Amino acid sequence: LQFVESGGGLVQPGESLTLSCAASGDPLDYPLDHYTVGWFRQAPGKARELVSCIKHNPDNTYYSESVKGRFTISGDNAKNTAYLQMNSLKPEDTAVYHCAVDLNLLCEDYKRPDLRAFDYWGQGAQVTVSS
């Protein structure tokens, strides 16, 4: 079992992209909403940043200040896929985006900068915002 990101690309400022994080291979042990799903990004020369996280339902979400109001995280149990809808993209959103999925960790745990071990870590999707 692994999670695979897709949906990255090159867009102009102000445009939108939706990233997907889909389970592939063996079936999940539990429905996707039993897991915590976080989206991290890392730009060259910069530290990893948690941009969004969700556990169980849309009422239990986290967004960094840099993306609040522009990005929306969601999940689809039927498709075993999590999404990150990114609107009004800015050049500073340029980074490699990774999804991280874990059964036991909480979004508060995901905020720890020293946390490196997740049940599943996607290979990453490049998002480039440039005119």
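General remarks:
- Distance histogram for the chain (every C-alpha pair counted, 5 angstrom bins, percent rounded to whole numbers): 2, 11, 23, 26, 21, 12, 5, 1, 0
- Once the Cα gyration tensor of region 65-131 is diagonalised, semi-axes √(5λ) in Å: 22, 15, 13
- Label-reachable residues, region 29-44, where backbone N falls under 12 Å from a point 7 Å from residue 64's Cα toward its Cβ: 39-44
- Comparing 116, 48, 70 in a Gaussian network model of the chain (Cα springs below 10 Å), the most mobile by mean-square fluctuation is 116.
- The magnitude of the dipole of the chain, with charges of +1 and -1 set on the Cβ of Lys/Arg and Asp/Glu and taken from the Cα centre, is near 380 debye.
- Note on region 28-72: the alpha carbon radius of gyration divided by the globular reference 2.2 N^0.38 Å gives 1.31.
- When the Cα positions of 13, 127, 37 are compared along the charge dipole of the chain, 13 comes out farthest toward the positive end, with charges on each C-beta of Lys, Arg, Asp and Glu.
- Span per principal axis, largest first, for the Cα atoms of region 1-76 (Å): 38, 27, 24
- The 3J(HN,Hα) values that the Karplus relation (6.51, -1.76, 1.60; θ = phi - 60°) gives for region 50-67 are, in residue order, 7, 9, 7, 8, 9, 9, 6, 7, x, 7, 10, 10, 9, 9, 5, 4, 5, 10 Hz. Gly and Pro appear as x.
- Residue-averaged 222 nm ellipticity for the chain, from DSSP H runs of 4+ at -39500 (n - 2.57), nearest 500: -500 deg cm²/dmol
- Per residue, the average separation of C-alpha pairs within less than 8 Å and at least 6 apart gives the chain a relative contact order of 35 percent.
- Charges were assigned to the Cβ only: +1 to each Lys and Arg, -1 to each Asp and Glu. The resulting dipole of region 54-131 about its Cα centre is roughly 160 debye.
- Across region 71-84, coupling constants 3J(HN,Hα) worked out from phi with the 6.51/-1.76/1.60 Karplus curve, θ = phi - 60°, read 9, 9, 9, 7, x, 10, 4, 5, 9, 6, 9, 9, 10, 10 Hz, and Gly and Pro carry x.
Where a number appears in this text, it was derived from the coordinates with a stated rule and is not lab data. Keep in mind that this is a model prediction, so the values were computed, not measured. FYI the Cβ positions are ideal-geometry reconstructions off the backbone, even for glycines, and counts take in every protein chain you see.
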